[in-house]
Amino acid sequence: MNSKGIQYVCINCENTLKSLEEEWLWHCQSCGLDVSLLDNEKYNGKDVIGWTESASLFLKELRENNACKLLDLLSQYTDLKGKKLLDIGCAAGWFLSVAEKYQLIAIGIEPDTGIAQKGLDKGLDIKTAIFPDESIIDSKFDIVTFNDVFEHIKEPFTILSDVHQQLNEDGYLIINLPTSDGFIYRLSRFLSKLCYKPLFHRLWQKGYVSPHLYYYSNTNLKSLVEKCGFKLVAKDHLDILQIKNLYQRINHEGKINRIVSSTLYFSIILVYPLYKYVLPPDIMVHIYRKD
Ligand SMILES: [Zn+2]
């Protein structure tokens, strides 16, 4: 409960949430779920930042490598060739392009018309709509994916129930998303408590068109998804950083001066091996089978 007497309940375990140091941030002390109120303009602001082509370009290779890692992992459990995959919130279809290389029949659904059009221009099969939509309601899929999307969904139980209905028997659900177990998340939270908030706000995408509404851990994500008729069969992590294009990625918005960006760049290079091989990763992957 906060100073105004407001109470929220955890969607996963129904315990009362505890208000944290930010007015928009709540935490479940029972299952560890972090919950934001950033879908409210009062907390997220009016002049929100949208998707930019430049940010997407610097992430292209990293995303493609991660997509390959994810599909290689899935191929250990099921043969991918000719299977029908639905990517929910597919943006411009970067994951669909990789999925097609694995001979999957890949369909995406994306509510943002402008972004979806970029994928349609490349010949990808994208429905410009919000899931679940009548354009795919009669279709069954073998694989459903959420790539950096699940943490934006306000009512995950409703979506998971719809996914369950659209999956074939023995179908697979893949979720990858940032985790509260991660080193950068924990570091940013620590810095935020010391009153340096920009990194923590950036991780939540505060001030962006579609901010994060939840930060899940490996444990509470599994608990939540398994309540909806799925069984966790594999978990892994994806890379959040790559050294190639890192300097351009740091500078692409032009908001950081050169001394700060150079210092940041060389600091990351120094700690990168430690982060990649030792510290807890920030992007988790869960693969579930329909139970
Ligand atoms: Zn909880």
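The values are calculated or read from the model by the stated rules, or taken from the named source; none is laboratory data. In this text the structure is predicted, and so the values were computed from the model without any measurement. Neighbour counts run over all protein chains shown; Cβ positions are idealised from the backbone, glycine included.
Details
- Test: Leu74 is of a type in the set (A, V, I, L, M), within 16 Å of the ligand (Cβ to nearest atom) and modelled with pLDDT of 95 or more: no
- So Leu224, is it farther than 30 Å from Lys46 by Cα and in a helix (DSSP H, G or I): yes
- Residues of the range 1-14 that are within 15 Å of the ligand (Cβ to nearest atom) and assigned to a loop (DSSP other than H, G, I, E, B): Gln7, Tyr8, Cys10, Ile11, Asn12, Cys13, Glu14.
- Filter result (modelled with pLDDT under 80 and either assigned to a helix (DSSP H, G or I) or within 16 Å of the ligand (Cβ to nearest atom) (or both)) within the range 227-246: Leu246
- Test: residue in the range 205-223 that is closer than 22 Å to Asn65 by Cβ and touching a helix residue (DSSP H, G or I) at 6+ places or on another chain (Cβ under 7 Å): no
- All positions within the range 152-211 that are among the small types (Gly, Ala, Ser) and under 17 Å from Leu20 (Cβ atoms): Ser180, Ser188, Ser192
- Pro198 vs. criteria without any contact (Cβ under 8 Å) to a residue 12 or more places away in the chain and either crowded, with 16+ Cβ neighbours inside 10 Å or not polar (S, T, N, Q) (or both): yes
- Conditions (1) touching a residue at least 40 places away in the same chain (Cβ under 8 Å); (2) assigned to a helix (DSSP H, G or I); (3) among the β-branched types (Val, Ile, Thr); number of the one not met by Val260: (1)
- The criterion of at least 2 residues that are over 30 Å from Leu33 (Cα atoms) is met by the following strands (runs of 3 or more DSSP E) wholly inside the range 74-160: 105-109, 125-127.
- Subset of the range 15-49 [within 16 Å of the ligand (Cβ to nearest atom) and part of a strand (DSSP E or B)]: Thr16, Lys18, Ser19, Leu25, Trp26, His27, Asp34, Val35, Ser36
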